[in-house]
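I have placed the structure first, in the form of structure tokens, so that the comments after it can refer back to it.
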Amino acid sequence: METEPATAATSRGPTTFLHLARELRDMIYKDYLTVDGGYVFNPTTWKLKRSNDNSNPHPFALQHTCRLIASEMRGLALTHNLITFTPIETMPVQAFQFEWLVDIYTQICCRAVRGLAVHEYKEGKLPESVKATLLHHRSNLFEPAELDALFSDVAMRNRLWPPDTSVASRDWLGIADSEVFGFTRLLMTQPEFAPFWHKHGAEDFLRLDLFCQPWKAPSQDELNRLWQLVAPMADVFCRLTDLPLGGLESMLQTLPAGLKCLSLHPQDRFKYRFSATAAAIGFLQSLEPSVRLHMRRLRLDENTDSVAHPERHGKGLVEFCNENPRLAIERRVSLWRTILPQLGRTYRCGRWLDGVLPRAGPDRNSFNWGEGRMPSRREISRAVARWVHEALCLPRSVTLVIDGEPLPQLSSQIFGEIVVKDAVWQGACEKAFASGRLETPPYWAWRCPDHYKNILEGPDEMWLTMPYEDPELYDHCGYTCEDFPSIMRDILTGSSPVSLNFHVGGDPFDQQMEDMLSERLDWRNEDWYAAWRRRHDDKSIIPTPPLAENWLELFELDRNPV
């Protein structure tokens, strides 16, 4: 009887793990290392931890069996798992101080441009050499004719009131806040202006940019160094432009005491946090480049409000996207816990800095620390637009998801009835202006160079033609921001890096716009404005369970207990 020939495996002895093809071993590594829910960032230890503690209790035991396996598995845990970051809540004092210093720095930048405009370039026109440099670095944002307009706008924005969350007319520019702010910082560093800084003792101003990147989560030592730079420069530019800063006098009086004099008020119950994006950037900067290259998926969950204008923080991710083209980053922002509450935060409104300094006066004890206000319907689209504009100026590997949970149906209603309708309204108005059916108002064509002609020498009444200075025009004109109709059309059709995790129904965007125009054939400008005002003033948006019963209850989620 003939025997079967021995198989190859039998002739070589038993097959071991290393005898398997590399492709099979890689499949085993992936299954072995994958964690349900991936890894989450722990701000206390500044390390990653498994989101599911019931996963493999010894995830790296296999890697310790031999050098070859250790080499093959190096970095694969980062490659095969999602890494999630959330806002940092463990550093409230540092977050509060950083927000305060960034706001002061923002105002210093405005006053620096203002000083240039008043003392050196009274006609509101930049030197041609400076324009050439700015266009070289920002050619994708500005046309040559727009630079003088932007220079005048940044310089003069402080003439009637100090900036709150921007250095320029952000919504009307149609450009992300971070891009406008980047333009301002780039403008300050031009060699043509060096004699001006030296003449007024402001050379240290240029060093501030190293510390005041809003996407940082600085240490206490970094905050102390920033304080020592900010306070003297604030004094210089207040004297230079004859414009006070809110609460600055008290700050200068306490300068010898250092930053420790800026502490949380006992009545201030707000939870000050660094953003999830700031946490991710800080963690990535702590790693070696060879380690970062293994990463493939990051999720930055901006599920609550945070300091230093979190919508701008995506700019700090660009260097990591350029370093690792295979890295995909998803920023997820909560509509109900982040975007809408930003409109009602007391500390985001007006001159809130006056109420937080040690010597701010008798109003300190009566400052409204606790209540906030209900977000206005006419503010919602602009709040969404700020986040969207920031997302659109980032690499395509960074996406933004507007999260409507835990109220997806109400989120869909808000977008359909307010945000999308605002975009349709603006698009219809623009078509009517272009066809001559309506007269184009001056504030709609604000980028026209004639709009800024002689504005530096003109009377204060000239500011009534600026978008922000006339409440009737600002609130009810039907204009949200530049390119808002096309921005919303792309989101609804899925051709934008911005998406929604809830469904928005209704007719196609262009069809809604045509229907609106056909229904208003005999309308004049004042009819459009009146209808706009009625549409936004008829009712309020109120959260519902399971989130909260009302806005005050929702605000309470972001406050420390009494």
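Okay, here's what the table says:
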{"read-out": "Solvent-accessible surface (1.4 angstrom probe) belonging to residue 40, in square angstrom, nearest 10", "value": "40"}
{"read-out": "Net charge over other residues, Cβ less than 11 angstrom from the Cβ of residue 79 (K, R count +1; D, E count -1)", "value": "+4"}
{"read-out": "Neighbourhood charge, 14 Å Cβ-Cβ cut-off, centred on residue 91 and excluding it, Lys, Arg +1 and Asp, Glu -1", "value": "-1"}
{"read-out": "Which of 522, 510 is most accessible, then next, and so on - probe 1.4 Å", "value": "522, 510"}
{"read-out": "Approximate spin-label separation residue 434-residue 527, in nm, with each point projected 7 Å along Cα-to-Cβ", "value": "2.2"}
{"read-out": "With DNA, RNA and ligands ignored, accessible area of residue 393 (1.4 Å probe; Å², nearest 10)", "value": "40"}
{"read-out": "Net charge, residue 195 excluded, C-beta distance under 13 Å - Lys, Arg +1, Asp, Glu -1", "value": "-2"}
{"read-out": "Rounded accessible area of residue 133 (nearest 10 Å², 1.4 Å probe)", "value": "50"}
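The values are calculated or read from the model by the stated rules, or taken from the named source; none is laboratory data. All of these numbers come straight from a predicted model, not from anything done at the bench. Please note: Cβ atoms are built from the backbone with ideal geometry, for glycine as well, and neighbour counts cover all protein chains shown. When the accessible area is computed, the model is the full protein with side chains, heavy atoms only, and any ligands, DNA or RNA have been set aside. Shrake-Rupley method; radii C 1.70, N 1.55, O 1.52, S 1.80 Å.
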